Structure formats: C-alpha cells, structure tokens
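Here the structure comes first, spelled out in structure tokens, and everything after it is commentary.
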Amino acid sequence: MKKILISLLIVMTLLTLTACNNNKSNTGENNTENNTTAPKEIILATTTSTQDSGLLDVLIPIFEEKHGYIVKTIAVGTGQALEMGKRGDADVLLTHAPSAELELLEAGDIINYRLVMHNDFVIVGPAADPAGIGGMEKSADAFAKIAASESLFVSRGDDSGTHKKELSIWKKAGIEPGGSWYVETGSGMGQTLNVASEKDGYCLTDRGTYLSLSHNLRLEILVEGDPDLLNIYHVAQVNPEKSDLINAEGAAAFVEFMISEETQKIIGEFGVDKFGSPLFFPDAHRDPAEYGLKY
C-alpha cells in the first residue's frame with residue numbers, strides 16, 4: 001500500500017508540473033515563437049497637416065493590415081520631424097518642406113526620397129477682411145497689406161513646413177513680421193487655425209487641414225492660386241546607418257506603400273465625397289523637375 005501511495009504522489013506531481021509548463025507557454029512566458037511573430041513597430045515622423053486632415057487615419061490601418069507592422073505616428077512640425085531624421089529617432093519621414101529635406105538627402109541622413117503628393121497653401125481670415133486682401137493674386141502682396149494695416153496675423157511659429165513657407169512669403173514681401181499684431185502659437189495647424197478663428201485673425205494654412213476643420217472655424221479662404229503657395233510632400237527612409245534601432249525593412253515597406261498605385265488612388269479620392277474635390281493630389285509618378293526639384 002505504501003508503494004502504491006508513493007507512486008500516485010509521483011504521478012500527481014508530474015501532472016502538476018506539466019500543467020504549469022503548459023500554462024506558461026499559453027501565457028507567453030518563454031515563448032520564443034510568439035516573440036518572433038509579434039508585429040514589428042515603425043516610427044513615422046510627419047507633419048501635423050497629414051494628421052489633422054485625417055489622411056493618415058485612412059492610410060495607416062491599410063498599411064498595418066497589409067504589411068503586418070504597427071505604425072507609431074509622431075505628428076510634429078516638419079522642422080521637428082526632420083530633426084528626428086537627423087538624429088535617427090524615426091524610421092521614416094513624411095514631410096512638406098523640399099528645400100530643407102534636400103539638405104538631409106545631400107548629407108546622407110535620408111535615403112529612398114520619393115515624391116508623394118501635393119496640395120496648396122491658402123491665406124484665410126475673417127469674413128470682414130479688415131486688411132482688404134480678398135481676391136488678391138499674390139500672397140506676398142496680401143502679407144504686405146496685412147502688415148501695413150497691422151491686422152492680426154496668427155503664425156504657427158514652430159519651424160514646420162507651413163511656418164517655413166510663411167517666412168518665405170514675408171521675405172518675398174520684404175517684411176520682418178513682429179509687434180502686437182503678429183502672434184505665434186508654437187502649435188500645430190489645427191490649433192493655430194482655432195486661435196485665428198477665435199481672434200478674427202489671418203493665417204496661412206494648407207488647404208486640406210482648413211477644409212477638414214472648416215465647419216468649426218469662422219474663417220474664409222481669401223487668397224489662393226498663387227504658384228508660391230504650392231505645397232509638396234515627400235516620403236523618405238531615415239538612413240539605417242544612423243542607428244542599429246532603425247527598422248529599415250519597415251521603412252522601405254512604408255515608402256513603397258505610399259507610392260503604390262493603390263495608395264495613390266486613395267490619396268486622389270480622399271475628401272471628394274465631403275468637399276467635392278480631393279484634399280491632396282497624387283504625384284508619385286510625376287517628374288519632380290515639373291516642380292523645379294532636382295535630386
């Protein structure tokens with residue numbers, strides 16, 4: 001009887017150990033297979049306009065489902081996004097400041113630099129239009145009238161692609177903006193538009209973000225169509241030589257996704273149902289030289 005009891009105890013102990021090991025396996029402990037098949041993450045540094053317009057809310061889930069990556073989006077001003085690229089703190093960039101981007105390309109900070117799409121900037125302001133800029137053809141002339149009348153102008157002031165464009169227009173107008181009439185938010189496009197709307201001020205914005213938020217804004221498009229207001233977007237991989245942590249494979253997949261025919265079609269249709277025209281125009285198969293770009 002004693003031998004039988006000892007045998008039963010041994011069997012029960014073995015069964016308990018087996019169950020524990022199975023439980024660990026099921027909960028992921030020491031499960032090498034689960035670790036290797038888990039979705040990989042890529043970091044996308046991009047401008048707030050692609051986020052605020054809602055375009056990324058459409059594109060990123062499609063990319064994640066198709067390629068098995070999880071995209072961590074960091075939406076900041078283009079200047080900040082490019083700095084992340086310089087430091088190797090992102091895997092891929094989607095930005096809209098070609099002159100600044102080309103500096104990174106020439107320095108070897110980014111590779112696989114591809115044209116994606118464009119829209120345009122517009123100057124918006126209150127319906128009363130105290131500076132009288134409505135319908136003007138040249139953005140620099142409109143800025144000059146705003147400054148001369150000291151009408152409130154709300155700037156992002158964040159070194160974003162929009163801010164860089166704004167500064168280039170002030171420079172063309174021969175004006176260094178400043179004083180109580182010139183307000184810098186240091187914020188993204190959406191927040192800056194909200195401030196301009198609340199304070200009845202003028203603002204430079206990309207058309208896509210303005211249209212997507214216009215139902216909540218007391219602002220109207222007053223100046224548009226100037227060639228100086230063209231807004232061009234590129235995608236690029238951060239050079240994987242900058243850091244061992246850069247996901248080069250995931251970044252390359254994202255670049256190819258953005259310039260694929262399927263994605264370009266989605267970009268060209270985005271906003272049509274709601275606004276009657278797209279918020280962005282696909283450019284992946286266009287010659288950059290058409291925009292005066294050489295790389």
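Test HIS285 against the criterion of being part of a strand (DSSP E or B), of a type outside the set (S, T, N, Q) and at negative phi, and give yes or no. Don't jump to the end; show me each part of the working.
Details: part of a strand (DSSP E or B): no; of a type outside the set (S, T, N, Q): yes; at negative phi: yes.
For HIS285, the condition - part of a strand (DSSP E or B), of a type outside the set (S, T, N, Q) and at negative phi - is not met.
Among the residues of region 203-240, the ones that are charged (D, E, K, R), outside any strand (DSSP E or B) and touching a strand residue (DSSP E or B) at 6+ places or on another chain (Cβ under 9 Å) come to 4 in all. Restrict the check to region 253-264 and report whether at least one residue is modelled with pLDDT under 95, of a type in the set (S, T, N, Q) and either outside the structural domain of VAL76 (by TED's automatic domain parsing) or under 21 Å from the mean Cα position of the chain (by Cα) (or both). No - not one qualifying residue is present in region 253-264.
Say whether the condition of being within 16 Å of the chain's Cα centre (by Cα), assigned to a helix (DSSP H, G or I) and in the same structural domain as LYS242 (by TED's automatic domain parsing) is met by at least one residue in region 85-95.
Residues of region 85-95 that are within 16 Å of the chain's Cα centre (by Cα), as a first pass: 85, 89-95.
Now narrow it down to the ones that are assigned to a helix (DSSP H, G or I): 85.
Of the ones still in play, those that are also in the same structural domain as LYS242 (by TED's automatic domain parsing) are 85.
Yes, region 85-95 contains a residue that is within 16 Å of the chain's Cα centre (by Cα), assigned to a helix (DSSP H, G or I) and in the same structural domain as LYS242 (by TED's automatic domain parsing).
Among the residues examined, VAL235 does not qualify as without any contact (Cβ under 8 Å) to a residue 60 or more places away in the chain and either more than 15 Å from the chain's Cα centre (by Cα) or closer than 30 Å to ASN112 by Cα (or both).
Yes or no: region 119-139 includes at least one residue that is of a type outside the set (S, T, N, Q), within 19 Å of the chain's Cα centre (by Cα) and within 25 Å of LYS72 (Cα to Cα).
Of region 119-139, the ones of a type outside the set (S, T, N, Q) are 120-138.
With within 19 Å of the chain's Cα centre (by Cα) added as a condition, the list becomes 120-122.
From what is left, the residues that are within 25 Å of LYS72 (Cα to Cα) are none.
Checking region 119-139: not a single residue is of a type outside the set (S, T, N, Q), within 19 Å of the chain's Cα centre (by Cα) and within 25 Å of LYS72 (Cα to Cα).
Taking the criterion of being among the hydroxyl-bearing types (Ser, Thr, Tyr), buried (at least 18 other Cβ atoms within 10 Å of the Cβ) and under 19 Å from ALA131 (Cα atoms), the residues of region 168-220 that qualify are TYR182, SER197, TYR202, THR205.
The values are calculated or read from the model by the stated rules, or taken from the named source; none is laboratory data. A quick note: this is a predicted structure, and the numbers were derived from the prediction, not measured. Positions of Cβ are backbone-derived with ideal geometry, glycine not excepted, and every protein chain shown enters the neighbour counts.
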